[in-house]
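The values are calculated or read from the model by the stated rules, or taken from the named source; none is laboratory data. Quantities reported herein were computed from a predicted structural model and do not represent experimental measurements. Neighbour counts are summed over all protein chains in view; Cβ atoms, including those assigned to glycine, are modelled from backbone coordinates with ideal geometry. For the accessible areas, the whole protein counts, side chains as well, though only heavy atoms, and no ligand, DNA or RNA atoms are used. Shrake-Rupley method; radii C 1.70, N 1.55, O 1.52, S 1.80 Å.
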Amino acid sequence: MTLRDRFEVIRKSFLFRIFSIFIQVATVVALLVGSLYILTEIRKDRRTSETLSRLTAVGLAKSARLPLFSGDAEELSKLAQFAVVNPAIHRAMVLDRSGRVLADARHSKISPQGNIQAISIEVRSSPSGSSPDDVLTGETARGDLPLGSVRIEYETIRLSGHIRGTILLAVAFGLLFLLLVSAAGYPVLRREMRSFDELLRGLGEIRDGDYDRRLPADSGSELGIAATNVNGLAAALKQRDGENRELQRSLECEIQAHTHSEAEARESERTLRDLMDAMPAGVAWTDLDGNIRFMNRYMIDCFGYGYGELRTIEDWFFWAHPDPDYRRSVLEARNAAAEAASKQGADVSSYEGRVTCRDGSVRHVIFNNQIRKERIVITLIDITDREAMQERFIRAQKMETLGILAGGIAHNFNNALTSVLGYIGFARMKLNDPDKAMQLLKKAEIASSAAAGIAGQLLTFARGGDPVKAPLSIAKVIRDAVSLSLGGAGVDASIEIPPGLHGVEADEGQLGQVFNNLIINAVQAMPDGGTIAIRCANVGTEKPPPQGLLPGDYVRIALSDRGCGIPEEMLEKVFEPYFTTRAGIGSGLGLASVRSIVEKHGGTVTLHSEVGKGATFTLHIPSTGTLAPGEDPPAPENLAPTAMAGGSILFLDDEALIRNLARETLEDSGYRVTTCTHGEDAIALYREAKDQGTPFSAAVLDLTIPNGLGGREVAGRILAFDPDAVLVVSSGYSNNPVMSDHRRFGFRAAVSKPYKDDALTRTLAGLLAGSTAPHH
Amino acid sequence: MAVLMRALRLIFAVAFLACATGATAADVLIVQSGRSTAYEESVRGFRSAHKGTVQTVVLSDYAEVDVVRLVKEEQPRLVLAVGDAALAASRKVSQVPVVGLLAPSLNLAKRPVGSVSGVGVLPPPERYLELCRTLGAKRVGVIHDPDRTGLYLKRARQAANRFGIELVVREVRAPRETLARLEQLKGAVDALWMLPDATAVTAETLEGWFLFSLQQKVPVVTFSEQYLAKGAAVSLDVDRADLGRQAAELADSLLNGAASRSTWPDARKVTVHTNETVGKNLGLDLSAGVK
């Protein structure tokens, strides 16, 4: 125990406090007695001083009578000097009847410090005591005349020295008194407190559990009575202690069980809360007064309103439905649902509504209200995403249906065009003179080519075929598309290709079509000219991918124009087929094709636009994660000159017009042509000819044969028994992978329908002449 | 030790006188009681008026002086006794005339017998009575010891009638009786005449005289200016130098045989002094007619 702790113990002890009180009382008594003594002494000193001064004045007056009478100033001065010998007297003056000072003496060692008191006594010729006759008659003494006066000034402050001495004496006596009282009182108190200390020690031991402790009980004294009572108390406590211990044991068991139950309840509650928070629906409950008691995590995250912000259900309605009219309608719907549920005896009432989130977005929500044990459980099911998904699904279904329909139409349309163009070209070859018919045929050919282009796009949109993906530089595709589409448009392009831009695995042709369409769309949006900004960037896995994309590496291409912009309500519609804001200019298939191609590549295209500020198309296309390949695609093969050729040609196509066109044009070029409608027939004819020793020089196989083997399958069968077979694939789906990568499937060349000019004959001529014919 | 010193001084004095008279004897032997200013002043007056030679012996300088033997040895023609002590010491001188000077006992109590002459220390009583009359006093109180001033008061009483003044006389035999006598005079006198009476006027009773004056509003007429400051209104002071001169004239007359040996003239030249403050307190205008 430190000295300080020991002092604290002593300070808090009862003995110390009693002794302190004792000392305080003694101090008060000493102070009172001392103060009274000092006051009495002061008063006595004042009286003494005053009396002394008055006596001095009287004596001076008496002594000065004769000198005043005789005008003996020297004697008066002596008397005045004698008067101020008294240290209490500051000044003595003798004045004549006219007030003239005859003698003025001051105490040589005293300078006035204030509080001067003065006594003046008139000096008369008769002594102050009159004769008995005068006293009886009330007359003044005969012949009494005033001679002058004496004035004695005395300074009461001179008493302070004596007062200080008195105070010091009183203080000294007081301290001595306190010392004596303390010295005498402490042992007495200590002796008297010994029994009390023993009682306290005993109480402390009993408090600490020593209930067998018994205190010595002196008969008669208060402490003895207290000790007896304490002994009784100890006995009672001992009995109670036993009972309490037993009770404590049972309570501990109960508390343990209760604690366990509480822990389980807490765990259960925690689990319930975790479940609630993990639920993909908003859950909240209120009391019957509408005070919100719980909101799960989903509800907070989805709508953005914190638990502390919303205190009542009215607060929820206020914030979730800011439009008063709509709020009123929601409340009416809620009440109606509750009434309906009540009538049906159901516990749950449901209604729908739009909830305005904290960020301003609007969610479509189904509310389920259920009353459970004085609380209303509210379940909110956000069907916004589900509705969007449904919309996308419906749209996809619609598009698929539309695609099938368009594909069929386009296929037939293309076949028809193939015949038209073929015959036009065939006819033109027959017309050697540039006469009027020649001009008209050219125009018809141009118009038919345009129709063929539309059909091609329709086919791409409808089926498009699987993109023929290959690693490529998207920068090159963009530059090619810009140079192709901006010719003479009066629009500039700003292309930002950062160094290290990753390559993409994509179909170059389809991707080129995407950028062609986007650039044409931008040019059309800026009829007065302007600049198209194209910015590319890598989007890595470290950033969350845009909505609808799987995690991975992407190349982001943002294409912005400064055109008139697109209203918000049209942002989604622009990607629908045949939707156009520029009737007469666009076909309505451009942006639909863009979305179709991009999504087939595993990417997304989004549009951000504000009216008057232009539009930005942002494309995300999966990247290879590495730099794009540097080599350019192989240079186009030289076209072989058209020449008369010989040989037999097997021509497979399901369309009679095309078969006839092919027969006529090829035979016109010197070939023997055998046509067939079905793939099986083609195989049989080829095998038969080969077996007979007159094999076909080449076979032109239509890629798509409805309800039968297509060109790809037929080629595979033929190559199986004649690996050297010269096979040419023909199709209206120019973007079909078989068309784009025909060599991998065993074809020597590919010819797209409709056949332009003499493309087919030139291709066959090139092949049969020993050179590889280009595909078109 | 002091006695021894005085004896030595006497031996020296006799030796000195012997040496001095060995050549030429002095005409006048001045026996002086002491060396007070008054004595010196009077002696100076005497010397100024006396043409002969003088020798001086100051009694207070010696323990004991035998003036008779000294006169025998020195053989002066006249002895001038200055002061009562000197006069007493010279009374037994019979060979030469003795002239008293400033000796109150000379002619105040009773007339001296033998060859002693002298000049009185007071002017004639008439001068005092005249002064009292000037102050307007009809009743003049006098307290005296007849053994000291009986002769002079007798002369005063004789003259008082001429001035229309009633002298209210109270006799005292001891100084302690003075205050009682003053009490008896309260309301009975218009002025108080203080005589050079050593019984009536002492240091202890002096205040009683002036308190009487103060309380009874009556002026005190005294014989010395010294008492003015104590409370006296008017004093009639003799001219001490003139007293000496007067004594010299008397001595010359005696030496010439023109005068008898028992001549006691009063002081002839006096000066009146007043205390204006006392006069003002008493309501008297002392500056007007007193002088």
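For the pair B and A, the buried accessible area comes to roughly 1300 Å² in total, with a 1.4 Å probe and the value rounded to the nearest 100.
Counting only Cβ charges, +1 for Lys and Arg and -1 for Asp and Glu, the dipole size of chain B around its Cα centre is about 500 debye. Taken along the Cα-to-beta-carbon direction at a fixed 7 Å, the label points for A:ARG293 and B:ARG44 span 13.9 nm. The mean count of C-beta atoms from other chains within 10 Å of the C-beta of residues in B:207-214, rounded to a whole number, is 4.
Taking every alpha-carbon pair within the protein assembly as shown, the share separated by more than 39 Å comes to 76 percent. Between B:LYS280 and B:ALA198, how high is the FRET efficiency from 1/(1 + (r/R0)^6) when r is the Cβ-Cβ distance and R₀ = 22 Å? Nearest 0.05. Plugging the Cβ-Cβ distance into 1/(1 + (r/R0)^6) gives 0.10. Net charge around A:PHE196, counting only other residues with Cβ within less than 13 Å of its Cβ (Lys, Arg = +1; Asp, Glu = -1)? Every neighbour counted, the sum reads 0.
Would you mind pulling out the separation of the Cα centroids of segment A:191-239 and segment A:686-761, in Å? Centre-to-centre (Cα) distance: 122 Å.
Label separation (A:GLU243 vs A:PHE173): 6.5 nm, computed from points 7 Å beyond Cα along the C-beta direction. Among B:ALA251, B:VAL272, B:ALA233, flag the residue with its Cα farthest along the positive direction of the charge dipole of segment B:214-283, charges on Cβ as +1 for Lys/Arg and -1 for Asp/Glu. Checked the options; the winner is B:ALA233.
Placing A:THR286, A:THR401 in order of accessible area, with the largest value first and a 1.4 Å probe, yields A:THR401, A:THR286. Other residues lying with their Cβ under 12 Å from the Cβ of A:LEU619 contribute a combined charge of +2, Lys and Arg counting +1, Asp and Glu -1. The stretch between A:ASN115 and A:LYS573 holds 153.7 nm of extra length on full extension. This uses 0.36 nm per residue minus the Cα-Cα distance. Looking at segment A:474-627, the DSSP beta bridges with both ends there are about 75 percent antiparallel. Computed from backbone phi, the HN-Hα couplings of segment A:605-613 come to 10, 10, 10, 10, 8, 10, 4, x, 10 Hz, rounded to whole numbers (Karplus: 6.51 cos²θ - 1.76 cosθ + 1.60, θ = phi - 60°; Gly and Pro given as x). Among the protein heavy atoms of the protein assembly as shown, carbon and sulfur supply 55% of the accessible surface, probe 1.4 Å, non-protein parts ignored. The DSSP beta bridges internal to chain B are antiparallel in roughly 15% of cases.
Test of understanding: what is the full-extension gain from A:HIS162 to A:GLN81, defined as 0.36 nm times their sequence separation minus their Cα-Cα distance? The A:HIS162-A:GLN81 span can extend by a further 26.8 nm.
Taking 11 Å as the cut-off, no amide N atom of segment A:13-38 comes nearer than this to a point 7 Å along the Cα-to-beta-carbon line of A:ASN229.
A full extension of the chain between A:ALA427 and A:LEU405 corresponds to an added length of 4.7 nm, given 0.36 nm per residue minus the alpha carbon distance. Taking all Cα pairs closer than 8 Å and separated by 6 or more residues, the relative contact order of segment A:474-627 comes to 27 percent. Remark: the protein assembly as shown carries 53 Å² of accessible area per residue (probe radius 1.4 Å; ligands, DNA and RNA excluded).
Ranking A:CYS564, B:CYS132 by solvent-accessible area of protein heavy atoms (1.4 Å probe, all protein chains present), from largest to smallest, gives A:CYS564, B:CYS132.
Listed by chain and number, the aspartates and glutamates placed with their C-alpha closer than 17 angstrom to that of A:LYS469 are A:GLU505, A:ASP507, A:GLU508, A:ASP553, A:GLU599, A:GLU631, A:ASP632, A:ASP741; residues fewer than eight positions away on the same chain are left out.
Under a 5 Å amide H cut-off, with hydrogens placed 1.01 Å from N, B:VAL238 pairs with B:THR271 among residues at least 5 apart or on other chains. Set the Förster radius R0 to 22 Å, insert the Cβ-Cβ distance between A:LEU36 and A:LEU180 as r into 1/(1 + (r/R0)^6), and round the FRET efficiency to 0.05. Computed FRET efficiency for A:LEU36 and A:LEU180: 0.70. About its Cα centre, the dipole of the protein assembly as shown is roughly 8620 debye, where the only charges are +1 on Lys and Arg Cβ and -1 on Asp and Glu Cβ. Structural descriptor for segment A:648-768: relative contact order 22 percent, calculated from alpha carbon pairs under 8 angstrom and at least 6 residues apart. Across the cross-link table entries B:LYS72/B:LYS92; B:LYS186/B:LYS217; B:LYS217/B:LYS269; B:LYS230/B:LYS269; B:LYS51/B:LYS269, which are compared at the Cα atoms, the separations over 20 Å belong to B:LYS217/B:LYS269; B:LYS230/B:LYS269; B:LYS51/B:LYS269. Computed from the C-beta positions of A:GLU269 and A:PHE7 and an R0 of 60 Å, the FRET efficiency is 0.70 to the nearest 0.05. Neighbours of A:ILE381, meaning other residues whose beta-carbon lies under 13 angstrom from its beta-carbon, give a summed charge of -2 when Lys and Arg score +1 and Asp and Glu score -1. If you take the Cα centroid of segment A:271-299 and the Cα centroid of segment A:338-385, the two points sit 13 Å apart. Shown in residue order for segment A:303-311 are the 3J(HN,Hα) couplings computed by the Karplus curve 6.51 cos²θ - 1.76 cosθ + 1.60 at θ = phi - 60°: 9, x, 9, x, 5, x, 6, 9, 9 Hz (x for Gly and Pro). Measuring nothing but how far apart in sequence close Cα pairs (under 8 Å, 6+ apart) lie, relative to its length, chain B scores a relative contact order of 19 percent.
Computed from Cα positions, the angle between helix B:146-163 and the longest principal axis of chain B comes to roughly 50 degrees. Taking all protein chains together, A:ARG191, A:ARG273, A:ARG334 sort by accessible area into A:ARG191, A:ARG273, A:ARG334, largest first [probe 1.4 Å]. Size descriptors for segment A:650-753 (Cα atoms only): Rg and Dmax, in that order, 12.5, 37 Å. Computed with a 1.4 Å probe on the full set of protein chains, the accessible area for A:SER609 sits at about 10 Å².
Between A:ASP323 and A:THR531, the modelled labels are 4.1 nm apart [label points 7 Å from Cα along Cα→Cβ].
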